[in-house]
Amino acid sequence: MASEVSPRTRVVVDGKFFRLGEHKFYVKGIAYGPLAPGAQGLFFASPEQTRADLAQIRELGANVLRVYHVPPRRFLDAAAEWNLKVLIDIPWNKHLCFDSERRRSEARRAVRTAVQACANHPAVFAYSVANEFPPDIVRWAGTKIVARLVDDLITEARNADPGCLCTFTNFPPTEFLQPQTPDFICFNVYLHDQRPYRNYLSRLQLIADSRPLILGEFGIDSLREGEARKCEALAWQIENAFRGGLAGTVVFTYTDEWFRGGRLVDDWQMGLVTADRRTKESFGVVRKMFHAAPYFPLPRCPKVSVVVASYNAERTLLACLDSLRRLNYPDYEVILVDDGSTDRTSQIAGEIRNRYGEAGESANKFISIRHERNFGLSAARNTGIAAASGEVIAFTDADCRADEDWLYYLVGDLLDGSFAGIGGPNLLPPEDSYVASAVMVSPGGPMHVMLTDRRAEHIPGCNMAFYKSVLQEIGGFDPTFRKAGDDVDLCWRLQQCGYQIGFSPSALVWHYRRSTVSEYLKQQRGYGEAESMLVQKHPENFNAFGDSIWRGRIYGPSKLGLDIQSPVIYHGLFGSADFQKLYTSEPASTLMLCTTLGYYAFVLLPLWVLTVVFPALFPLAFASLLLPIGVCAGAAVQAALPRNKTRWWSRPLVGLLFFLQPIVRGWARHRGRLAFRTSPVGERQSLDSVALRASSEKLGQVQYWSEKRLERLAFITAIAQRLDSEGWSRRSDIGWSEYDLEIYGSRWSRLQLTTVAEDYSQDRQMIRCRLRSRWSLAAQILFWAILGIELLVIGMGNSWRPWSWLLLLSAPVMVWWLRRDQRTLQSVITVLLDELAREYHMAKVPAETPVGQVGHPLPSDGRGPG
């Protein structure tokens with residue numbers, strides 16, 4: 001009797017998987033019973049038959065039995081002898097309406113009694129406190145009541161057997177049930193077509209989120225479908241489940257003997273053996289698949305270069321690199337880029353290189369590169385790309401440690417879809433601090449944004465991989481992003497080029513969070529600075545407040561708003577749908593606007609200032625202060641803190657972080673947007689530009705005539721190159737703007753340049769340029785601040801001295817001054833365009849010149865004589 005694992009050790013949850021001792025524990029389960037009751041009324045076979053059954057089940061390669069009644073201790077003892085764990089379904093009257101406290105108490109008592117009977121037995125894998133609530137019962141009782149009851153039952157089980165694993169077994173008709181306390185997600189799924197089956201597993205992985213997912217039942221009836229069809233289906237069902245990153249499966253069922261409803265069922269044959277224990281062909285198929293699971297061969301194993309960019313990460317770097325040494329993947333290298341660290345990073349890299357040598361591994365498997373000074377995150381990652389020899393380049397951070405199967409799932413899902421890149425989840429390490437757990441559920445952490453169950457809009461930089469050729473095609477990471485934002489920019493640029501990004505739910509890394517409030521706020525400040533650059537480069541992805549706009553749904557431990565709207569459940573006609581779904585609305589992120597820097601600056605502060613003049617406004621000002629405090633408190637109450645990482649101060653800390661984070665991040669973001677961009681507008685002023693500014697000529701449009709056709713895009717490129725060579729700050733259209741170039745002049749003005757080409761006969765052309773001036777954000781803030789002061793002056797009335805009314809002239813004076821600044825920018829750019837046009841042998845034409853004086857337009861079909 002071979003022993004794979006010791007039955008004396010309890011199975012524990014380890015991220016998206018289970019662990020037994022030092023090794024992962026993948027559930028390879030088989031449903032057992034209920035069998036016809038014996039003399040003692042138990043739904044289990046005799047001791048002799050049980051031993052024979054367990055021996056046959058072990059031959060399958062199974063390691064878990066799922067039973068539907070509380071087993072006697074002798075059964076658990078026998079399972080332990082055969083190194084089998086037992087998933088125990090606890091029966092109670094869930095098919096009856098439990099909308100009364102009496103019936104709910106009966107359910108709690110049944111769970112407590114069952115768990116006490118099996119408590120601390122080494123063969124117990126987990127308890128399922130309910131199996132398949134009837135959907136009409138759930139609709140009758142109410143979703144929240146049922147979910148709360150499941151949580152109560154799990155609490156009863158844990159009180160009776162501390163440290164046990166608990167779940168409840170769901171199925172598609174009640175997919176919407178999502179209690180908070182199960183240790184893992186268990187679903188019964190009967191789908192006999194491969195594509196819907198795979199798609200549904202992807203959906204279930206998103207429902208499971210950071211918890212393990214197992215199939216509690218799946219199978220097929222030999223009587224109706226035939227044994228050949230059954231063999232084929234069971235093979236791809238098991239393989240796709242493990243390839244999809246599930247933590248295990250339970251085949252239904254071991255034997256055709258099945259006792260239900262007070263009688264033996266004789267009109268189905270879902271067993272792998274007959275009622276008299278003769279093996280079927282499907283028995284051999286399951287045995288083959290269980291012995292191959294969980295690592296089914298990948299279609300191919302391209303070499304992967306794992307790039308770790310590190311800066312002063314001595315606290316976590318050793319754990320990161322040690323985890324990368326133990327990856328379950330045949331062909332990979334690790335490239336550490338030390339970006340000018342001043343701590344022990346270089347010494348730790350040397351220690352790891354020695355460990356590779358001691359283990360007899362190729363020295364080329366670990367490459368360490370050191371920058372003499374800190375160039376930033378993007379530059380470090382680009383250095384790793386340049387040094388990489390792999391077809392695929394995977395990225396993780398120095399404050400992460402990878403799961404041993406990280407690359408297996410990451411590459412497997414990358415190859416399985418038409419993706420240019422792929423990402424996976426990042427979870428809180430169990431050894432991380434209590435403060436880190438509060439940080440994890442606070443705003444601003446790394447999250448993935450999903451467009452579908454498999455396709456992502458964004459993947460965090462701590463867990464992502466791309467084909468090297470694609471990275472080279474788009475020029476790698478933008479080095480202007482020194483601290484953060486590089487992953488967001490890369491994902492958006494890839495999608496603008498038509499590429500798709502996938503998501504692998506089981507390719508996980510453990511991500512250490514910031515362990516102090518000051519470190520967390522420093523991180524958020526860096527994120528805000530990155531967003532100020534992103535909003536300039538990708539304006540189409542941001543709203544007027546500077547907040548990012550996502551097309552997909554955001555997944556992560558932190559909610560971006562308050563859940564104030566009940567989800568909508570599709571039940572089907574009269575509650576009869578086989579697949580009832582939960583449609584949840586996005587959290588009310590609009591409410592979170594009252595916690596932003598803009599709210600404090602433009603609502604809260606002005607209201608409190610006005611109370612000095614108008615005391616009657618005090619209640620409104622006080623309410624405006626209570627609103628963000630209440631929202632942050634609500635967010636703290638809803639935060640999904642880890643059950644074993646919570647202290648009395650955890651939720652108050654989360655509320656404080658929800659209050660502080662938007663201020664710190666928002667200030668960094670807007671400070672970047674308000675920052676003055678260096679511009680040679682002063683140096684560029686000439687006698688021509690000064691004369692043009694002083695003239696009465698309108699500067700909103702110029703046009704140039706060319707006797708020889710010039711591609712408009714080539715002219716725009718020439719303008720951009722001239723601006724760059726002279727040191728102008730500018731932004732180009734990437735497909736979403738109504739202008740070609742946006743040019744930044746002084747701190748107060750910017751100019752939007754739009755071009756259009758008119759075609760004339762004999763290959764001649766007119767290129768028109770519109771120069772639309774705009775106030776900068778700083779100018780807008782200053783104007784409205786001055787206007788607010790003027791309103792305050794008016795409100796003060798007679799209490800002010802007469803000379804104070806001169807302040808009322810400040811707004812018109814500022815408008816005149818800003819208009820003059822805008823005209824200066826327009827005149828300088830006009831002269832620049834005139835110079836460039838002359839280089840291309842184009843003649844400037846006054847805007848009011850009639851068309852007939854410069855050329856004849858082409859016919860209306862857009863084609864003319866050569």
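Out of the residues in region 732-754 that are open to solvent by less than 50 Å² (accessible area, probe 1.4 Å) and of a type in the set (A, V, I, L, M, F, W, C), state the one that is nearest to residue 490 (Cα to Cα).
Here the residue is 741.
Just one of 141, 130 is within 30 Å of residue 77 (Cβ to Cβ) and either touching a residue at least 24 places away in the same chain (Cβ under 8 Å) or crowded, with 19+ Cβ neighbours inside 10 Å (or both); which is it? Walk me through it before giving the result.
Numbers: 141 fails: within 30 Å of residue 77 (Cβ to Cβ).
Within the list 141, 130, the selection yields 130.
Can you tell me how many residues in region 521-555 are touching a Ser or Thr at 6+ places or on another chain (Cβ under 8 Å), within 18 Å of residue 377 (Cα to Cα) and either acidic (Asp, Glu) or modelled with pLDDT of 90 or more (or both)?
Matching residues across region 521-555 total 1.
For region 148-186, name all the residues that are under 19 Å from residue 91 (Cβ atoms) and either in contact with a Gly (Cβ under 6 Å, 6 or more places away or on another chain) or of a type in the set (A, V, I, L, M) (or both).
Hits for region 148-186 are 149, 150, 153, 154, 157, 160, 165, 169, 177, 186.
Could you pull out the residue among 404, 351 that is open to solvent by 40 Å² or more (accessible area, probe 1.4 Å), of a type in the set (Asp, Glu) and assigned to a loop (DSSP other than H, G, I, E, B)? Can you show your working first?
Working: 351 fails: assigned to a loop (DSSP other than H, G, I, E, B).
404 is the lone residue from the list that is open to solvent by 40 Å² or more (accessible area, probe 1.4 Å), of a type in the set (Asp, Glu) and assigned to a loop (DSSP other than H, G, I, E, B).
Could you list all residues from region 421-442 that are surrounded by fewer than 22 Cβ atoms within 10 Å (Cβ to Cβ) and in a loop (DSSP other than H, G, I, E, B)?
The answer is 429, 430, 431, 432, 433.
Here is a yes/no grid of residues against (1) surrounded by 20 or more Cβ atoms within 10 Å (Cβ to Cβ); (2) modelled with pLDDT under 85:
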{"site": "727", "(1), (2)": "no, yes"}
{"site": "730", "(1), (2)": "no, yes"}
{"site": "762", "(1), (2)": "no, yes"}
{"site": "781", "(1), (2)": "no, yes"}
{"site": "786", "(1), (2)": "no, yes"}
{"site": "804", "(1), (2)": "no, yes"}
{"site": "813", "(1), (2)": "no, yes"}
{"site": "828", "(1), (2)": "yes, no"}
{"site": "834", "(1), (2)": "no, no"}
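Test residue 679 against the stated conditions and say whether it is surrounded by 15 or more Cβ atoms within 10 Å (Cβ to Cβ), modelled with pLDDT of 85 or more and among the small types (Gly, Ala, Ser).
On the way: surrounded by 15 or more Cβ atoms within 10 Å (Cβ to Cβ): yes; modelled with pLDDT of 85 or more: no; among the small types (Gly, Ala, Ser): yes.
Here the answer is no, as residue 679 does not meet what is asked.
Determine if region 716-723 includes at least one residue that is of a type in the set (Lys, Arg) and more than 15 Å from residue 830 (Cα to Cα). Break it down stepwise before answering.
So the first thing to find is which residues in region 716-723 are of a type in the set (Lys, Arg), and the list is 722.
Remaining after also requiring more than 15 Å from residue 830 (Cα to Cα): none.
Within region 716-723 (the criterion being of a type in the set (Lys, Arg) and more than 15 Å from residue 830 (Cα to Cα)), the answer is no, since none of the residues qualifies.
List pairs: first residue in region 78-99 and more than 30 Å from residue 59 (Cβ to Cβ) and open to solvent by 30 Å² or more (accessible area, probe 1.4 Å), second residue assigned to a loop (DSSP other than H, G, I, E, B) and modelled with pLDDT of 95 or more anywhere in the structure, Cβ distance under 6 angstrom, at least six positions apart or on different chains.
Close Cβ pairs satisfying both conditions: none exist.
So in region 20-70, with the set limited to residues that are of a type in the set (Ser, Thr, Tyr) and under 19 Å from residue 188 (Cα atoms), which one is farthest from the chain's Cα centre (by Cα)?
32
Restricting to region 452-470, name every residue that is assigned to a strand (DSSP E or B) and surrounded by fewer than 24 Cβ atoms within 10 Å (Cβ to Cβ).
As a first pass, look at region 452-470 and keep what is assigned to a strand (DSSP E or B): 455-458, 463-467.
Passing the criteria: 455, 457, 467.
Counting just the residues of region 149-171 that are open to solvent by less than 10 Å² (accessible area, probe 1.4 Å) and under 26 Å from the mean Cα position of the chain (by Cα), which one comes out farthest from residue 642 (Cα to Cα)?
170
Give 634, 598, 666 a once-over and let me know the one that is in contact (Cβ under 8 Å) with a residue 40 or more places away in the chain and either of a type in the set (Val, Ile, Thr) or in contact with a Phe, Trp or Tyr (Cβ under 8 Å, 6 or more places away or on another chain) (or both). Before you say what the answer is, go through the steps one by one.
On the way: 634 fails: either of a type in the set (Val, Ile, Thr) or in contact with a Phe, Trp or Tyr (Cβ under 8 Å, 6 or more places away or on another chain) (or both); 666 fails: either of a type in the set (Val, Ile, Thr) or in contact with a Phe, Trp or Tyr (Cβ under 8 Å, 6 or more places away or on another chain) (or both).
The conditions single out 598.
Counting residues that are farther than 17 Å from residue 85 by Cβ and among the aliphatic types (A, V, I, L, M), which strands (runs of 3 or more DSSP E) fully inside region 118-191 reach at least 2? Walk me through how you get there before you give the answer.
Numbers: elements: 124-131, 166-170, 185-188.
Because the criterion is at least 2 residues that are farther than 17 Å from residue 85 by Cβ and among the aliphatic types (A, V, I, L, M), the strands (runs of 3 or more DSSP E) in region 118-191 that meet it are 124-131.
Test residue 62 against the criterion of being part of a loop (DSSP other than H, G, I, E, B), open to solvent by less than 10 Å² (accessible area, probe 1.4 Å) and either modelled with pLDDT of 95 or more or touching a His at 6+ places or on another chain (Cβ under 8 Å) (or both), and give yes or no.
Working: part of a loop (DSSP other than H, G, I, E, B): yes; open to solvent by less than 10 Å² (accessible area, probe 1.4 Å): yes; either modelled with pLDDT of 95 or more or touching a His at 6+ places or on another chain (Cβ under 8 Å) (or both): yes.
Criteria met by residue 62.
Give region 471-520 a look and list any residue that's buried (at least 17 other Cβ atoms within 10 Å of the Cβ) and part of a helix (DSSP H, G or I), or say none.
If the condition is that a residue be buried (at least 17 other Cβ atoms within 10 Å of the Cβ) and part of a helix (DSSP H, G or I), then 471, 486, 487, 488, 489, 490, 491, 492, 493, 494, 495, 520 are the ones that fit.
How about region 591-649: which of its residues are part of a loop (DSSP other than H, G, I, E, B) and closer than 27 Å to residue 445 by Cα? Steps first, answer last, please.
Pass one, region 591-649, residues part of a loop (DSSP other than H, G, I, E, B): 596, 614, 639-649.
Result: 596, 639, 640, 641, 642, 643, 644, 645, 646, 647, 648, 649.
Can you find a residue that is open to solvent by 40 Å² or more (accessible area, probe 1.4 Å), over 23 Å from residue 215 (Cα atoms), out of contact with any His (no Cβ under 8 Å at 6 or more places or on another chain) and of a type in the set (A, V, I, L, M) anywhere in region 104-126?
yes
Determine if region 389-401 includes at least one residue that is within 30 Å of residue 472 (Cβ to Cβ), of a type in the set (S, T, N, Q) and open to solvent by 10 Å² or more (accessible area, probe 1.4 Å).
First, the residues of region 389-401 that are within 30 Å of residue 472 (Cβ to Cβ): 389-401.
Retained after the next criterion (residues that are of a type in the set (S, T, N, Q)): 389, 396.
Subset that is open to solvent by 10 Å² or more (accessible area, probe 1.4 Å): 389.
Yes, region 389-401 contains at least one residue that is within 30 Å of residue 472 (Cβ to Cβ), of a type in the set (S, T, N, Q) and open to solvent by 10 Å² or more (accessible area, probe 1.4 Å).
Can you tell me which condition residue 299 does not meet? The list is (1) at pLDDT below 95; (2) farther than 25 Å from residue 504 by Cβ, and all the others hold.
(2)
Checking residue 379 against (1) modelled with pLDDT of 95 or more; (2) in contact with a strand residue (DSSP E or B) (Cβ under 9 Å, 6 or more places away or on another chain), only one condition comes out false. Which one?
That leaves (1) as the condition not met.
State all residues of region 92-114 that are under 17 Å from residue 160 (Cα atoms) and in contact with a strand residue (DSSP E or B) (Cβ under 6 Å, 6 or more places away or on another chain); if no residue qualifies, say none.
111
Answer yes if at least one residue in region 379-386 is in a loop (DSSP other than H, G, I, E, B) and either among the basic types (Lys, Arg) or open to solvent by 30 Å² or more (accessible area, probe 1.4 Å) (or both), and no otherwise.
Just the residues of region 379-386 that are in a loop (DSSP other than H, G, I, E, B), to begin with: none.
Looking through region 379-386, none of the residues is in a loop (DSSP other than H, G, I, E, B) and either among the basic types (Lys, Arg) or open to solvent by 30 Å² or more (accessible area, probe 1.4 Å) (or both).
Any residue at all in region 340-347 that's farther than 15 Å from residue 509 by Cβ, basic (Lys, Arg), open to solvent by 20 Å² or more (accessible area, probe 1.4 Å) and touching a strand residue (DSSP E or B) at 6+ places or on another chain (Cβ under 7 Å)? Walk me through it before giving the result.
Quick first cut of region 340-347, residues farther than 15 Å from residue 509 by Cβ only: 340-347.
Going one step further and asking which of them are basic (Lys, Arg), we end up with 344.
Those still in the list that are open to solvent by 20 Å² or more (accessible area, probe 1.4 Å) too: 344.
Filter once more, keeping what is touching a strand residue (DSSP E or B) at 6+ places or on another chain (Cβ under 7 Å): none.
No.
The values are calculated or read from the model by the stated rules, or taken from the named source; none is laboratory data. Being a predicted model, the structure only gives us computed values, none of them experimental. Neighbour counts are summed over all protein chains in view; Cβ atoms, including those assigned to glycine, are modelled from backbone coordinates with ideal geometry. Just the protein is used for accessible areas: all its heavy atoms, side chains included, with ligands, DNA and RNA removed. Shrake-Rupley method; radii C 1.70, N 1.55, O 1.52, S 1.80 Å.
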